[in-house]
1. Could you check segment 152-172 and list, in sequence order, the residues that are over 17 Å from Ile228 (Cβ atoms) and in contact (Cβ under 8 Å) with a residue 12 or more places away in the chain?
2. Are any residues in segment 69-86 small (Gly, Ala, Ser), part of a helix (DSSP H, G or I) and in contact (Cβ under 8 Å) with a residue 40 or more places away in the chain, and if so, which ones?
3. So Gly58 passes all but one of these: (1) small (Gly, Ala, Ser); (2) farther than 22 Å from Gln125 by Cα; (3) not in a helix (DSSP H, G or I). Which condition number does it fail?
4. Residues that are of a type outside the set (Asp, Glu), in contact (Cβ under 8 Å) with a residue 12 or more places away in the chain and over 18 Å from Gly259 (Cα atoms): does segment 131-146 have at least one?
5. Quickly run through segment 280-291 and pick out the residues that are under 21 Å from Ile199 (Cβ atoms) and surrounded by fewer than 21 Cβ atoms within 10 Å (Cβ to Cβ).
6. Working only within segment 137-196, note down all residues that are among the hydrophobic types (A, V, I, L, M, F, W, C) and modelled with pLDDT under 95.
7. If Ile228 passes every condition in (1) within 19 Å of Glu193 (Cα to Cα); (2) out of contact with any helix residue (DSSP H, G or I) (no Cβ under 7 Å at 6 or more places or on another chain) but one, which one does it miss?
8. Given the criteria modelled with pLDDT of 95 or more, within 15 Å of Ile157 (Cβ to Cβ) and not assigned by TED's automatic domain parsing to the domain that holds Met283, does Gly81 qualify?
Amino acid sequence: MRNFEIINIKDTRSGFGEALLELGKTNPKVVALCADLTGSLKMDAFADAFPDRFFQVGIAEANMMGIAAGLTIGGYIPFTGTFANFSTSRVYDQIRQSIAYSQKNVKICASHAGLTLGEDGATHQTLEDMGMMKMLPGMTVINTCDFNQTKQATLAIAKHEGPVYLRFGRPKVPNFMPEDFEFTIGKALHLVEGTDVSIFAIGHLVWHALEAAKELKKQGISAEVINIHTIKPIDEKAILKSVEKTGCVVTAEEHQINGGLGDSVGQVLARNLPAPIEYVAVMDRFGESGKPEELLEAYGLDAVHIIAAAKKAVTRN
């Protein structure tokens, strides 16, 4: 496995913006829609380059989803852009009825997800969105960890036929995934080999999992780190192969404990290979205002808490 180090510090939403512009240049069927947050979603470059393929719908998210569904009938590949809270909770009925039920080829791209939205507080910090979206039949659900992976994922979902929920964030975070790492929907990435505990992480917590693995190694615990970027369809083979070796599990996510990555991994293990599992997630709480890193610490979502969960899992094995 590679030695993962920080390449630079960049926000994941910029990875989405760069890839969207690239798609605009290479695929004339790609169109974009935004709900009055073009700058926040980094969709400006696409809007400037392809004004006839960009639709600013204003603060009318439900209408945006309906328009996107309609555009697919003409063979277009619509990418919708707004905050994760407005991409899911505010428009769940429209997504269910107009997109998921009829398997429309809409790419729902959601920025400012999780606690790391920061100072905007609980009303904007959606922590249940992946659970909501993964329950919709046929919906692919992806949560990327850094700039490079977000860019790769955006390019990949354009080739995927069917609805996709792509979740990314607002703050600048470590960019550590190499550009040449192939992004395949539904195929997890082994980042660190280990024998004592499997750490399955998603989104911003992948970097924290890598940091935790370094410290655990110093303490004599060999932790395997796997980037589960696609929560649905989840890579059951990768999960089972890892747990057959280690015998115990930690899941790490910037999401409610109910309905997220931990639930998905737990289902896989319950059906195939029961094993001790510890969860690093938001424990049935709403968010609050604060700086992103401070919130991750306060809610138990940083490397320190992953280390503690790993030690507990090992003792239960």
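The values are calculated or read from the model by the stated rules, or taken from the named source; none is laboratory data. Fair warning: this is a prediction, and the values are worked out from it, not measured in the lab. FYI the Cβ positions are ideal-geometry reconstructions off the backbone, even for glycines, and counts take in every protein chain you see.
1. Here is the first cut: in segment 152-172, the ones over 17 Å from Ile228 (Cβ atoms) are 154-155, 158-163, 170-172.
Across segment 152-172, the qualifying residues are Thr154, Leu155, Ala158, His160, Glu161, Gly162, Pro163, Arg170, Pro171, Lys172.
2. Filtering segment 69-86 down to residues small (Gly, Ala, Ser) leaves 69-70, 74-75, 81, 84.
In the following step, the residues that additionally are part of a helix (DSSP H, G or I) were identified as 69-70, 84.
Selection gives Ala84 alone.
3. With (1) small (Gly, Ala, Ser); (2) farther than 22 Å from Gln125 by Cα; (3) not in a helix (DSSP H, G or I) applied to Gly58, the lone miss is (2).
4. So in segment 131-146, the residues of a type outside the set (Asp, Glu) come out as 131-145.
Now narrow it down to the ones that are in contact (Cβ under 8 Å) with a residue 12 or more places away in the chain: 131-145.
With over 18 Å from Gly259 (Cα atoms) added as a condition, the list becomes 145.
Yes: one or more hits.
5. Residues of segment 280-291 that are under 21 Å from Ile199 (Cβ atoms), as a first pass: 280-283.
Passing the criteria: only Met283.
6. Keep residues of segment 137-196 that are among the hydrophobic types (A, V, I, L, M, F, W, C), which gives 139, 141-142, 145, 147, 153, 155-158, 164, 166, 168, 173, 176-177, 181, 183, 185, 188-189, 191-192.
Matches in segment 137-196: Phe181 only.
7. Only one criterion is unmet by Ile228, namely (2).
8. Answer is yes for this residue.
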